[in-house]
Amino acid sequence: MSYMIAASLDQALKTLYEKRETARVIAGGTDLYLKKPLPDLVDISSVPEILGIYRDEGMLSVGAGVTHSKAAESAVIQSEAEALAEACRRVGSPQVRNMGTLGGNVVNAAPAADAAVALVALGAKALLVNHAGSRREVAVEDLYAGYNCSHVDGSSEILLRFLMEPCGQGKGSAFMRFAPREALSLPLVNSAATVRLRDNVIDEVRVVIAPVNPAPTRLTETEKLVLGSKPGEDTWRKVEYTAASEVEVRGSLLRCSEEYRYHLVGVLARRALKKAVERACNNQMGGEGG
């Protein structure tokens, strides 16, 4: 087994492609080491292009190599992508959050990965580069090829960054999660929402739930229900019913019943959407939105 620490993006891509039959990228490694890794690992954790959190031409740019701890602590993310900060605070344990990366959370393609659920709700796109230097942008939800299976070609390309519109004036986001315990536990259900208000009317909305499919799943019927409406208790009751009715879930003797999971889908979708609206109201009035 070989372990190469890449000094640059070009070196990482070159090595990855030359050893494409046996090599894979590693950054945090918290998921990779749970599987049987390939013989050659290319460590990209120090490559500048996958690090950093900044604004770029009106978009919020977050490096795929940013750890969950760094994302949760970032003042920029807390202000402009609060759902992501909340999701990253709930991942694993302090040790896992200090090592695990946003890119790994997505490429590992677990259906209920917390950071991935928030990124989908925020409308994030992934920026990837291959060994030939070609770049492509893909919506995060479109990177999922199946359960724990990604469309990212691990033999020839690297996920560099996530790009998303910041939650500015009149916009807010939120993340909710329910699990048997606070740490080191997979969620029974998690949800995230992003909302834009105009004149106290929901003008844009994304509501995401997991795990109900291989990828974090947008609740399109719930979005249609609230789009163009004024927030209120009647709306939240309808959201809870509609969210639960537009998904299919499975029960488990080890985790929870099917009925309970349907209940959680409705409750968490409602709570995430309501919190996102509250933050959008604060931003609409010129507050901090937190």
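The values are calculated or read from the model by the stated rules, or taken from the named source; none is laboratory data. Keep in mind that what you see is a predicted model, and the values were worked out from it rather than measured. Please note: Cβ atoms are built from the backbone with ideal geometry, for glycine as well, and neighbour counts cover all protein chains shown.
Looking at Leu122, Leu197, which is the one that is more than 16 Å from the chain's Cα centre (by Cα), under 23 Å from Gly228 (Cα atoms) and surrounded by 19 or more Cβ atoms within 10 Å (Cβ to Cβ)?
The match here is Leu197.
Residues that are more than 22 Å from Glu49 (Cβ to Cβ) and at pLDDT 90 or above: list the strands (runs of 3 or more DSSP E) wholly contained in segment 85-191 that include at least 1 such residues.
The strands (runs of 3 or more DSSP E) meeting that bar are 144-146, 171-178.
Can you report the number of residues in segment 139-158 which are over 22 Å from Lys19 (Cβ atoms) and among the charged types (D, E, K, R)?
The qualifying residues number 2.
If we scan segment 129-151, do we find a residue that is of a type in the set (A, V, I, L, M, F, W, C), in contact with an Asp or Glu (Cβ under 9 Å, 6 or more places away or on another chain), under 27 Å from Arg196 (Cα atoms) and not assigned by TED's automatic domain parsing to the domain that holds Ser8?
The initial filter retains those residues of segment 129-151 that are of a type in the set (A, V, I, L, M, F, W, C), namely 129, 132, 138-140, 143, 145, 149.
When the remaining residues are screened for being in contact with an Asp or Glu (Cβ under 9 Å, 6 or more places away or on another chain), the result is 129.
Right, trim to under 27 Å from Arg196 (Cα atoms) and you get none.
Among the residues of segment 129-151, not one is of a type in the set (A, V, I, L, M, F, W, C), in contact with an Asp or Glu (Cβ under 9 Å, 6 or more places away or on another chain), under 27 Å from Arg196 (Cα atoms) and not assigned by TED's automatic domain parsing to the domain that holds Ser8, which makes the answer no.
Report, ordered by the first and then the second residue, all pairs with beta carbons closer than 9 Å, sequence separation of six or more or different chains, a first member in segment 237-259 that is closer than 23 Å to Glu223 by Cα and of a type in the set (Ser, Thr, Tyr), and a second member that is exposed (fewer than 13 other Cβ atoms within 10 Å of the Cβ) and at pLDDT 90 or above.
Thr242/Lys224
In segment 249-260, is there at least one residue being more than 25 Å from Glu80 (Cα to Cα), modelled with pLDDT under 95 and aromatic (Phe, Trp, Tyr)? Quick ask: steps written out before the conclusion?
Initially, segment 249-260 is screened for residues more than 25 Å from Glu80 (Cα to Cα), giving 249-260.
If we keep only those that are modelled with pLDDT under 95 as well, we get 249-260.
In the following step, the residues that additionally are aromatic (Phe, Trp, Tyr) were identified as 260.
Checking segment 249-260: at least one residue is more than 25 Å from Glu80 (Cα to Cα), modelled with pLDDT under 95 and aromatic (Phe, Trp, Tyr).
Of all residues in segment 129-176, how many are under 13 Å from the mean Cα position of the chain (by Cα), within 30 Å of Arg255 (Cβ to Cβ) and surrounded by 17 or more Cβ atoms within 10 Å (Cβ to Cβ)?
Counting residues in segment 129-176 that are under 13 Å from the mean Cα position of the chain (by Cα), within 30 Å of Arg255 (Cβ to Cβ) and surrounded by 17 or more Cβ atoms within 10 Å (Cβ to Cβ) gives 9.
Across segment 170-228, which residue is nearest to Cys256 (Cα to Cα) among those that are without any contact (Cβ under 8 Å) to a residue 24 or more places away in the chain and of a type in the set (Lys, Arg)?
Looking at the filtered set, the residue picked out is Arg181.
Let's see how each residue does on (1) touching a helix residue (DSSP H, G or I) at 6+ places or on another chain (Cβ under 9 Å); (2) of a type outside the set (Val, Ile, Thr); (3) at negative phi:
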| residue | (1), (2), (3) |
| --- | --- |
| Leu16 | no, yes, yes |
| Glu21 | no, yes, yes |
| Ser46 | no, yes, yes |
| Val66 | yes, no, yes |
| Ala72 | yes, yes, yes |
| Ile77 | yes, no, yes |
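Can you say whether Ser61 is over 22 Å from Leu13 (Cα atoms) and modelled with pLDDT of 95 or more, as far as the supplied structure shows?
No, not satisfied.
Those residues that are under 18 Å from Ala280 (Cα atoms) and surrounded by fewer than 18 Cβ atoms within 10 Å (Cβ to Cβ), I need them from segment 83-93; list them, please.
none
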